[in-house]
Structure formats: structure tokens, C-alpha cells
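Step one of this worksheet: look at the structure below.
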Amino acid sequence: GAVVSQHPSRVICKSGTSVKIECRSLDFQATTMFWYRQFPKKSLMLMATSNEGSKATYEQGVEKDKFLINHASLTLSTLTVTSAHPEDSSFYICSATKGTDSTYEQYFGPGTRLTVT
Amino acid sequence: GENVEQHPSTLSVQEGDSAVIKCTYSDSASNYFPWYKQELGKRPQLIIDIRSNVGEKKDQRIAVTLNKTAKHFSLHITETQPEDSAVYFCAAGRGGFQKLVFGTGTRLLVSP
């Protein structure tokens, strides 16, 4: 199988605080992970591509100093929302890919619903 | 960069009817085209995908067709069932470690 987990599933935080979201590939090694943001009834917007052992590649318009991404191992990537504000409230989803020649599939985590009050 | 357009945004069908969702892409280098199904509050689930060296792929009631020349691909669901009701996203990418660009989604409602 190819299972991706995320923690926490839901988090409520106060404006100005930081929140860390973990994305783990449970049964495979993921050299590359992706972080998405999804607003209600909207599509998945790629925020950044996370590669193990190197700096993340951010999409245009995404503040890298606000959304800190760390991919310290082949099974774990973290997204830290720093100094969160109500407009950061959203559904954050990660995905991981084995990236081999035989499969291009991205396996998605269950998502984290962030609410900033 | 890649741009993916998806139509229609909503689609209502009767149980047993067929449903077709269409997407176009802009980057001729894209070679991987997955379709995901997302139920409310859940993670996207891959339902079928196709690579650019294939024109059509079928898996039971679901099929995907790809026209590389016109840069469009379509999802076909036959004999729809109420449990097919969900939001469907198409995506395009270059495969491997490369990112996917998602379409805007189609909300499919299958009425019994």
C-alpha cells in the first residue's frame, strides 16, 4: 500500500501563534512531498514542493517565511504556519510520491483543517 | 507554466446515466493526467490516470481519453450510482517527482 498520514487533523489557534502540521508516508519512502491549500468548494492550490534534504520550492505568491517547510527524512515533511492570521484558515493537504518510473501517483494525506481565531 | 481548465463545474445526472467531465491543458510537455475523486472533508482519491503514450484507458465503469494534439482529456463514468456523487478533479503534470496542476473541479450529483 501507500499510506500518507497527517497530524493534527484539526487545529484551532489564536492569531499570532504558529502551528506545525506533520505529513508522514507510513509504508514507503517519499523523496518528494507536496503541500496544498484548499478553500471551501475550491480546487487544490499547490503551495510548495518539498524535497528531502533540500530547500522547498515555493509556488509564486506563497510566502516562504510564513509557510516554513522542512523535509528532514524520507518519511516526514512538516509545514509550519508562522504568525497565523484568520486569513490563513484553510484545509491543508499534503501528498507524497514514490517518483519511480513505474508510478507517478501522488498519495494524499487526510488533510488538516486550520482555524485561526 | 501549466494551466488546466475543467468543465462543467457542476453536473447533475440520473442514476444509470453517463457522466462526462472534460479538461484542457496548456503545457505540451505534460505527460501524466490523473483524475481524483474527493468526498466532502476527505482526501482526494485517485480513480484513474493516463500517460501520454496511451489514448484511452478503462477500468470498469470509468474511462479516460486523451487527445494530445488538442491537449484535452476527459473522464467518462457509465451507469452512474449515487455513491459516485463527489467532486472530481483532473490534473496534469510531467510525472515522476514533478508537480501536478489541478483543474477547478466538477461537482457531480447522481440522483436516485
Those residues of the range A:1-21 which are of a type outside the set (A, V, I, L, M, F, W, C), closer than 22 Å to A:Thr117 by Cβ and out of contact with any helix residue (DSSP H, G or I) (no Cβ under 7 Å at 6 or more places or on another chain), in sequence order: A:Gln6, A:His7, A:Pro8, A:Ser9, A:Arg10, A:Lys14, A:Gly16, A:Thr17, A:Ser18, A:Lys20
Flag for B:Lys22 being free of Cβ contacts under 8 Å to residues at least 60 places away in the same chain, over 23 Å from A:Ser5 (Cβ atoms), of a type outside the set (Phe, Trp, Tyr) and in a strand (DSSP E or B): yes
If you scan the range A:57-74, which residues turn out to be assigned to a strand (DSSP E or B) and within 12 Å of chain B (Cβ to nearest Cβ)? A:Thr57, A:Tyr58
Selection from the range A:80-104 of residues that are surrounded by 16 or more Cβ atoms within 10 Å (Cβ to Cβ) and either within 14 Å of chain B (Cβ to nearest Cβ) or assigned to a strand (DSSP E or B) (or both): A:Val81, A:Ser90, A:Phe91, A:Tyr92, A:Ile93, A:Cys94, A:Ser95, A:Ala96, A:Thr97, A:Lys98, A:Gly99, A:Tyr104
Breaking point among (1) crowded, with 19+ Cβ neighbours inside 10 Å; (2) β-branched (Val, Ile, Thr); (3) under 11 Å from the mean Cα position of the chain (by Cα), for A:Thr32: (3)
If I ask for residues that are in contact (Cβ under 8 Å) with a residue 40 or more places away in the chain, of a type in the set (D, E, K, R) and part of a loop (DSSP other than H, G, I, E, B), which ones from the range A:12-41 would you list? A:Lys14
If we ask which residues in the range B:34-63 are open to solvent by less than 40 Å² (accessible area, probe 1.4 Å), within 14 Å of chain A (Cβ to nearest Cβ) and farther than 16 Å from B:Phe102 by Cα, their number turns out to be 1
Being touching a Gly at 6+ places or on another chain (Cβ under 9 Å) and within 14 Å of chain A (Cβ to nearest Cβ) is the requirement here; does B:Gly103 meet it? no
When restricted to A:Ser54, A:Ser77, the only residue small (Gly, Ala, Ser) and either in a strand (DSSP E or B) or buried (at least 22 other Cβ atoms within 10 Å of the Cβ) (or both) is A:Ser77
For the range A:12-29, give me each residue that is among the hydroxyl-bearing types (Ser, Thr, Tyr) and open to solvent by 40 Å² or more (accessible area, probe 1.4 Å). A:Ser15, A:Thr17, A:Ser18
So, B:Thr10, is that one more than 26 Å from A:Ala48 (Cα to Cα), crowded, with 19+ Cβ neighbours inside 10 Å and modelled with pLDDT of 95 or more or not? no
Being open to solvent by 80 Å² or more (accessible area, probe 1.4 Å) and either within 14 Å of chain A (Cβ to nearest Cβ) or touching a Lys or Arg at 6+ places or on another chain (Cβ under 8 Å) (or both) is the filter here, so list the residues in the range B:79-100 that pass it. B:Glu79, B:Arg94, B:Phe97, B:Gln98, B:Lys99
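The values are calculated or read from the model by the stated rules, or taken from the named source; none is laboratory data. Keep in mind the model is a prediction, meaning the values are calculated, not measured. Please note: Cβ atoms are built from the backbone with ideal geometry, for glycine as well, and neighbour counts cover all protein chains shown. Areas reflect the complete protein model, heavy atoms only, side chains present, ligands, DNA and RNA absent. Shrake-Rupley method; radii C 1.70, N 1.55, O 1.52, S 1.80 Å.
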